[in-house]
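Chemist: The structure follows.
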Amino acid sequence: MLGEGIVKGLIETARNFVGSYVDKDRLVTVQYPEERNPLPEAARNFPFLLYDGDDPEAGLRCVSCHICEKECPPRCIHIEKSTDKKPDFVGKQQFYPKVFNIDVSVCMSCQICVEVCPFDAIRMDKEFELSTDDRFGGLLWTKKELAKPNEYYQKIHPMEAAETDARRAEELKQTQAKAAAAAAAAAAKAAEAAKAAEAAKAGNGAAGKEPSA
Amino acid sequence: MTVSFVLLALLTLSAAVAAMSMPRLIHCALALAVAFTGLGGIFLNLGAEFVGLAQLLVYVGAVAILIVFAILLTRGSEVSMRPGARSAISGTVIALAVFAVLAHAVLTSGVSRMATTAVTPSNRVQEIGVTLLQQYVLPLEVIALLLTAALIGAVILAWREKSPAAQEGAETR
Amino acid sequence: MNGYFAMATGLAERVDQIFVTFDHWAVTNTPEPLRWLVSILLIVVPILAVFPGLFALTTVLERKGLGRIQNRYGPNRVGPYGLLQPIADAVKSLTKEDVVPRTADGVVHYLAPLVIVSTAFLAYAVLPVGRNMIAVHLDAGLLFFFAIGSATELAVFMAGWSSRNKYSLLGAMRAIAQMISYEVPLILSSIAVIMIAGTLSPEKIVLEQAQYTGIFPHWYVFTPWGFAGFLLFMTAAAAETNRSPFDLPEGESEIIAGYFVEYSGFKFALFFLAEYLEIFAVSGLGITLFLGGWSAPLSFLAVIPSWIWFFAKLLVMIGVFIWVRGTMPRLRMDQLMNFAWKFMLPMALIDMVCAGVWRFLPGGALWVVLRWLICAAIIVVPYVALARGLEQGRKIEQRVYRYAEEG
Amino acid sequence: MSGKSMMEESAIGLDEQMGATYGAGRHTLKPDAEHESQILEVAIGPQHPSTHGVFRMDVQLDGERVVRLKPVFGYLHRNHEKIAENAAYLAAIPYTDRLDYLCSMTNNWGYVLAVEKLVGIAVPERTEYIRVIMAELTRFQNHSALVGFLLQDMGASGTPLMYAFREREKILDLFEAVSGARMMCNYLRFGGVRVDCTPEWLEETRQLVGRLPRFVDEFERLLRGNEILMARTQGVGVLPRELAVSAGVTGPMLRASGVNYDIRKVDRYGIYDRFKFRVPLGEHGDVYDRYMMRVLEMRESIAILEQALKEIPDGPVQDPKTKVRGLRPKVGEAYGRIESPKGELGFYLISDGTMNPYRYRVRPPCLINLTILEDMCLGLSVADVVVTLGSVDIVMGEVDR
């Protein structure tokens, strides 16, 4: 009968009207500046650079390998390599970026830079209140704005950071072990050499002050 | 001659003049609507509620709209005409003649000899209704019949005009 | 006990008539030469203050109501519960640039919003908003209302034509065609009331309904013809005021905003105001004709002042309008016309016949039920038939779908 | 040559092309011969509330009846294909998100499928299930949003749209929880997905899917049987079966015209052959059928989701042998296609053995479904054109690329 569907629809909207007062499931709006939904762990927005320790310059993990720059789909990363080297977290001498810029007005938050980085140096931030009235300068982030400590990363992506940290700790341990092994080997070698020298000395009869090491 | 009458009369007359002299046809039609309104106002001013309101309802609400629509649908809104066309003289003559006839009729009929301060009847609308349905019921019914015939005629005219389009529409659906 | 009761009734009476008394007092206490001015001001100023105020309130209510229907909050930032939103809107529309298209017809473009608002205000002259509270005691009040209502069409045309915009012209043509078509059932459905009440005066129609059998009022909506008439009237009123589901003239998804697409700033606000004023006026008339105007729904509730009842009913009507708007999609032009001429018009005529039958059937004890049944049948049978006709004529049905076989 | 005239020229060129392709089915309605009436030309769009983005229809009206309709595309052209041809294979994935920005998951899948075919990658079991879950969630939210938009075009002041968005919000939250982004998910990878989804996520999804039928019921109560909706949509914008097939229309639009063609059933890509679901078919091919197809497919999607969520196995989510970065497929070509919510979404890739594809071509369902707009709209009123356009389900990001 004419009007039946309309009446049904009216009942449905009335149910929703009442429901929006009693049922949280029906009223999904969040009153944004006062209320905030917690962001999920995986949430991502724009990249930032990680550094260890307190000094953003010295602790910066980036070794300026240009991989992210090349892989970035919209090409929003600009890196200039340093001429000198500094030690990284395992003590290996690495280059570091003299300039590392990300144009966030171009960045499309795809996370590919994070995926391809072999040094765990770049990660996605969750900060989204980034509006600025300077279209150009305000949206071109330099190394200074990008660098953030590892503690920050642990805060925003706890699970991911724990995994990364564990992996890096393992790596460090391995490196250290390797270094220790290398040192031990070197020591053994040195000892051997010393022994040989001793023998030689003994053999040659030539006296020499050898470090006992 | 009250102030309100003078104002209304001025409004009506100036609107009527504008309706004749405006260059754009739509403006003329709108001015005519203003003249109709003024006329309705005069009726109301005289205490003839029913007539005044019927004037508004029929002339402003229907006739003016009809005119405006007719202009819009037939000749586009862009056409503007120069005032003072060639037929102005003959038009004036015809208008004067009509006015003379009307004036003569009014002056010779009994209306003009009636007292100018007529008492307004207490329940005017009801009286009109009763009179229409008792004293003048036959003319009323005849008019009703005529209007119905006109309505049906209009429907048939519109029907014929539409049928090929409707068929075409049906084909495409 | 009786004394208290009398005192209470007297007090209620006094509160009920407080505005009338004040009006009387103010007029008699002004010097003779200024009396006419004061009495006019006392009529005009309240209308100019109350109904635009109601408009402001309604814009918030509508947005909040629609929001809740759609599971949103609606405006809630300006002032407590967003109630000051209309003030912000008003400031915005007043300070906005008034853009007039270069090719527009300046004078007509300027006049259209003024004409539409003034006609919308005029309609309140004959609306009884409370006992003895009516601006102009016109014997042909209903006629006045409809005459003024028909003048808005001209204003709509002026707006649509003068803007020199195809969308606005289309919108104006739609609006006028729709208004003319729905004016017919609107007037015809109120004729049923006029026939029963025997008067064109809104005041008397309300007085006629403000009687009680026991505690129940004699509202016309509680009769078969009155109920049908009320629905017809409100449907036609929705169309007449371009409300959903008949909001084609401004259908934003088709012709953007219809006839006021080229208006901005304050002129646009005027159109908006006029639209809502028309809704209030026509809802007020619906209340007057069918819902007993300012009379209380139960006899003992009459202690609450009559004007409160009127505005309460008006708010309910506005709520229903918002509710309908939140639910329904829009009709198409030809469907709208079909609905007006093939359904609304016959139903309104049948409703008139029904009212006549109701009037002349005797009202004895046995007849009460019989009269009800007869009149209900007079309404329902054609309703079903006409509805069938509407649906079958265009092959509208709920379909059953098949699924592809596995293969 | 000025930009404007170029645009006009290209539009005319397209028009001629279209006329040549299926000129037989095309006929321009002549205005009433007897009463010569004025033809009103109206440009609906590019700034118009219901063109679903920047899209223009140059409409010639006789009264309110459409006698000619010329769709003009290209306002949102972004060089998608050329960008992808100059980028590494991996770098194209985030761009596919932006094709049809309502369904990034399925877009990812279409592209990833093409690359997997090109390289010959096997996908782990769990990943297949995750992909199906994502695709069906995408389909559900796309269809619900489409119905909302359609009703919005019909003037329903946004109520169905808001209900659709309410549910979509929850689905997008799920997407965000697993992929990090609500709309631009960038989730699928060659040979897998980027990250695994947690058991909690699966549980949440199960709960949500359990609630979805209630939402569809509510939708149906609100809309099905509404006389105005039926009057507005039945018999409007009819797309005959033959025309639909010859124009290459796909997706729910084709099925609404009664053609049984669902790539999930035809190609059985992924693991769709393991799930029981039905393909609804329309009869009349009008807007109402297209609307109902979406509603019915929403129910089928729920059925698939329930099965997939029940059966999903444990295991790795990424094929360890696949090199995601620096992929260099052998010389060859591949066409991967899926049933995206809007129709057949295909990616055609030619590899010349280098880091980036030699040719990258998208077969966008939206564009191809849109090309027959004029045939559906002739003789209708402007209001119906808007509704018909709404029922095609277009996203300009995909039409213009």
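Chemist: Within region C:296-306, is there a residue that is within 22 Å of C:G149 (Cβ to Cβ), buried (at least 21 other Cβ atoms within 10 Å of the Cβ) and in contact with a helix residue (DSSP H, G or I) (Cβ under 9 Å, 6 or more places away or on another chain)?
Modeler: First, the residues of region C:296-306 that are within 22 Å of C:G149 (Cβ to Cβ): none.
Scanning region C:296-306, I find no residue that is within 22 Å of C:G149 (Cβ to Cβ), buried (at least 21 other Cβ atoms within 10 Å of the Cβ) and in contact with a helix residue (DSSP H, G or I) (Cβ under 9 Å, 6 or more places away or on another chain), so the answer is no.
Chemist: Same structure, new question: With a cut-off of at least 2 residues that are away from chain D (no Cβ under 14 Å) and within 27 Å of C:L331 (Cβ to Cβ), name the helices (runs of 4 or more DSSP H) lying wholly within region C:222-318.
Modeler: Qualifying helices (runs of 4 or more DSSP H): C:224-240, C:265-290.
Chemist: D:M154 - would you say it is out of contact with any helix residue (DSSP H, G or I) (no Cβ under 6 Å at 6 or more places or on another chain) and within 14 Å of chain C (Cβ to nearest Cβ)?
Modeler: Here the answer is no, as D:M154 does not meet what is asked.
Chemist: Taking D:Y269 as the residue in question, decide whether it is in contact (Cβ under 8 Å) with a residue 60 or more places away in the chain and under 29 Å from D:A122 (Cβ atoms).
Modeler: Against the criterion (in contact (Cβ under 8 Å) with a residue 60 or more places away in the chain and under 29 Å from D:A122 (Cβ atoms)), D:Y269 qualifies.
Chemist: Also: Condition first: within 19 Å of D:L222 (Cβ to Cβ) and more than 8 Å from chain C (Cβ to nearest Cβ). Now tell me which residues in region D:277-292 satisfy that.
Modeler: D:V287, D:R290, D:Y291
Chemist: From the list D:L222, D:L212, which residue is touching a residue at least 40 places away in the same chain (Cβ under 8 Å), open to solvent by less than 10 Å² (accessible area, probe 1.4 Å), in a helix (DSSP H, G or I) and facing chain A (nearest Cβ under 8 Å)?
Modeler: Result of the check over D:L222, D:L212: D:L222.
Chemist: With (1) open to solvent by less than 30 Å² (accessible area, probe 1.4 Å); (2) within 14 Å of another protein chain (Cβ to nearest Cβ); (3) within 22 Å of C:I279 (Cβ to Cβ) as the list, and C:N71 as the residue in question, which single condition is left unmet?
Modeler: The number of the failed condition is (3).
Chemist: What single numbered condition from (1) at pLDDT below 80; (2) within 12 Å of chain B (Cβ to nearest Cβ) fails to hold for C:N132?
Modeler: (2)
Chemist: Inspect all residues belonging to region A:119-130 and state whether any of them is within 12 Å of another protein chain (Cβ to nearest Cβ), surrounded by 16 or more Cβ atoms within 10 Å (Cβ to Cβ) and closer than 29 Å to A:A179 by Cα.
Modeler: Looking for residues that are within 12 Å of another protein chain (Cβ to nearest Cβ), surrounded by 16 or more Cβ atoms within 10 Å (Cβ to Cβ) and closer than 29 Å to A:A179 by Cα, one finds at least one in region A:119-130, hence yes.
Chemist: If you don't mind, another one. When you go through C:V368, C:V380, C:V353 one by one, which is the residue that is open to solvent by 60 Å² or more (accessible area, probe 1.4 Å) and at pLDDT 85 or above?
Modeler: Values: C:V368 fails: at pLDDT 85 or above; C:V380 fails: at pLDDT 85 or above.
When all the criteria are applied, what remains is C:V353.
Chemist: Restricting the first residue to region B:1-24 and requiring it to be crowded, with 16+ Cβ neighbours inside 10 Å, which pairs with a second residue that is outside any helix (DSSP H, G or I) meet a Cβ separation below 7 Å and a spacing of at least six or different chains?
Modeler: B:R24/B:S80
Chemist: On the given criteria, is C:K166 surrounded by fewer than 20 Cβ atoms within 10 Å (Cβ to Cβ) and touching a Leu at 6+ places or on another chain (Cβ under 7 Å)? I'd like the intermediate steps shown before the answer.
Modeler: Values: surrounded by fewer than 20 Cβ atoms within 10 Å (Cβ to Cβ): yes; touching a Leu at 6+ places or on another chain (Cβ under 7 Å): yes.
It is true that C:K166 is surrounded by fewer than 20 Cβ atoms within 10 Å (Cβ to Cβ) and touching a Leu at 6+ places or on another chain (Cβ under 7 Å).
Chemist: Could you say which residue among B:V60, B:V51 is open to solvent by less than 50 Å² (accessible area, probe 1.4 Å) and modelled with pLDDT of 80 or more?
Modeler: B:V60
Chemist: All but one of (1) under 20 Å from D:I171 (Cα atoms); (2) open to solvent by less than 10 Å² (accessible area, probe 1.4 Å); (3) touching a helix residue (DSSP H, G or I) at 6+ places or on another chain (Cβ under 6 Å) hold for D:I312, so report the exception by its number.
Modeler: With (1) under 20 Å from D:I171 (Cα atoms); (2) open to solvent by less than 10 Å² (accessible area, probe 1.4 Å); (3) touching a helix residue (DSSP H, G or I) at 6+ places or on another chain (Cβ under 6 Å) applied to D:I312, the lone miss is (2).
Chemist: Moving on to the next point. Which pairs do you get when a residue that is open to solvent by 10 Å² or more (accessible area, probe 1.4 Å), found in region D:180-205, comes within reach of a residue that is assigned to a loop (DSSP other than H, G, I, E, B), reach meaning Cβ atoms under 6 angstrom, with the pair 6+ apart or on two chains?
Modeler: From residues that are open to solvent by 10 Å² or more (accessible area, probe 1.4 Å), the pairs are D:M183/D:Y101; D:R194/D:Y187; D:D196/D:V317.
Chemist: Here's something else I'd like to know. Pick from C:Y167, C:Y182: which is under 25 Å from B:L73 (Cα atoms), touching a Phe, Trp or Tyr at 6+ places or on another chain (Cβ under 9 Å) and at pLDDT below 80?
Modeler: Among C:Y167, C:Y182, only C:Y167 is under 25 Å from B:L73 (Cα atoms), touching a Phe, Trp or Tyr at 6+ places or on another chain (Cβ under 9 Å) and at pLDDT below 80.
Chemist: Got a sec? Which of D:E64, D:E81, D:E125 is at pLDDT below 85 and surrounded by fewer than 22 Cβ atoms within 10 Å (Cβ to Cβ)?
Modeler: Just one listed residue meets the conditions, D:E64.
Chemist: Also: Which of the residues belonging to region C:171-193 are open to solvent by 10 Å² or more (accessible area, probe 1.4 Å) and within 12 Å of chain B (Cβ to nearest Cβ)?
Modeler: Matches in region C:171-193: C:M173, C:A177, C:I180, C:E183, C:V184, C:I187, C:I191.
Chemist: Turning to a different aspect of this structure: Hey, can you tell me all the residues within region D:157-166 that are more than 7 Å from chain C (Cβ to nearest Cβ) and open to solvent by 10 Å² or more (accessible area, probe 1.4 Å)?
Modeler: D:L161, D:F165
Chemist: Just give me the residues in region A:82-118 being part of a loop (DSSP other than H, G, I, E, B), within 14 Å of chain D (Cβ to nearest Cβ) and touching a residue at least 40 places away in the same chain (Cβ under 8 Å), in sequence order.
Modeler: Scanning region A:82-118 gives A:C107, A:S109, A:Q111, A:C117, A:P118.
Chemist: Which of the following residues is surrounded by fewer than 16 Cβ atoms within 10 Å (Cβ to Cβ), modelled with pLDDT of 80 or more and within 25 Å of the chain's Cα centre (by Cα): C:L57, C:L37?
Modeler: Going through C:L57, C:L37 in turn, the sole match is C:L57.
Chemist: Here's a follow-up. Counting just the residues of region C:19-34 that are over 27 Å from C:Y276 (Cα atoms) and among the hydrophobic types (A, V, I, L, M, F, W, C), which one comes out most open to solvent (accessible area, probe 1.4 Å)?
Modeler: C:W25
Chemist: Report, by residue number, each residue of region C:150-170 that is more than 8 Å from chain B (Cβ to nearest Cβ) and either more than 17 Å from C:Y259 (Cβ to Cβ) or small (G, A, S) (or both).
Modeler: Correct list: C:A155, C:A159, C:G160, C:S162, C:S163, C:S168.
Chemist: Does region A:141-151 contain any residue that is among the aromatic types (F, W, Y), at pLDDT 85 or above and in a helix (DSSP H, G or I)? Outline the logic, then answer.
Modeler: Applying the first criterion (among the aromatic types (F, W, Y)) to region A:141-151 yields A:141.
Narrowing further to those that are at pLDDT 85 or above: A:141.
Narrowing further to those that are in a helix (DSSP H, G or I): none.
Within region A:141-151, not a single residue is among the aromatic types (F, W, Y), at pLDDT 85 or above and in a helix (DSSP H, G or I).
Chemist: For region C:319-337, give me each residue that is more than 9 Å from every other protein chain (Cβ to nearest Cβ) and at pLDDT below 85.
Modeler: Matches in region C:319-337: C:L336, C:M337.
Chemist: Which one of these does D:A43 not meet: (1) open to solvent by 40 Å² or more (accessible area, probe 1.4 Å); (2) within 20 Å of D:Y360 (Cβ to Cβ); (3) not hydroxyl-bearing (S, T, Y)?
Modeler: Evaluating D:A43 over (1) open to solvent by 40 Å² or more (accessible area, probe 1.4 Å); (2) within 20 Å of D:Y360 (Cβ to Cβ); (3) not hydroxyl-bearing (S, T, Y) leaves (2) as the failure.
Chemist: So for region D:256-264 (the condition being of a type in the set (A, V, I, L, M, F, W, C) and touching a helix residue (DSSP H, G or I) at 6+ places or on another chain (Cβ under 7 Å)), does at least one residue qualify?
Modeler: yes
Chemist: Name the residue that is modelled with the highest pLDDT, counting only residues in region C:356-365 that are in a helix (DSSP H, G or I) and more than 28 Å from the chain's Cα centre (by Cα).
Modeler: Step one: filter region C:356-365 for residues in a helix (DSSP H, G or I), giving C:356-360, C:365.
Add one more test, that the residue is more than 28 Å from the chain's Cα centre (by Cα), and what stays is C:360, C:365.
Values: C:F360: 81, C:A365: 72.
Restricting to residues being in a helix (DSSP H, G or I) and more than 28 Å from the chain's Cα centre (by Cα), the top hit is C:F360.
Chemist: For region C:194-221, which positions are within 14 Å of another protein chain (Cβ to nearest Cβ) and of a type outside the set (G, A, S)? Write out each step before concluding.
Modeler: Quick first cut of region C:194-221, residues within 14 Å of another protein chain (Cβ to nearest Cβ) only: C:194-195, C:197-205.
Matches in region C:194-221: C:I194, C:M195, C:T199, C:L200, C:P202, C:E203, C:K204, C:I205.
The values are calculated or read from the model by the stated rules, or taken from the named source; none is laboratory data. From a predicted model like this one, the values you see are computed outputs, not experimental measurements. Every residue, glycine among them, receives a Cβ derived from its backbone with ideal geometry; neighbour counts consider all protein chains shown. Side chains are part of the model used for accessible areas, which takes the heavy atoms of the whole protein and leaves out ligands, DNA and RNA. Shrake-Rupley method; radii C 1.70, N 1.55, O 1.52, S 1.80 Å.
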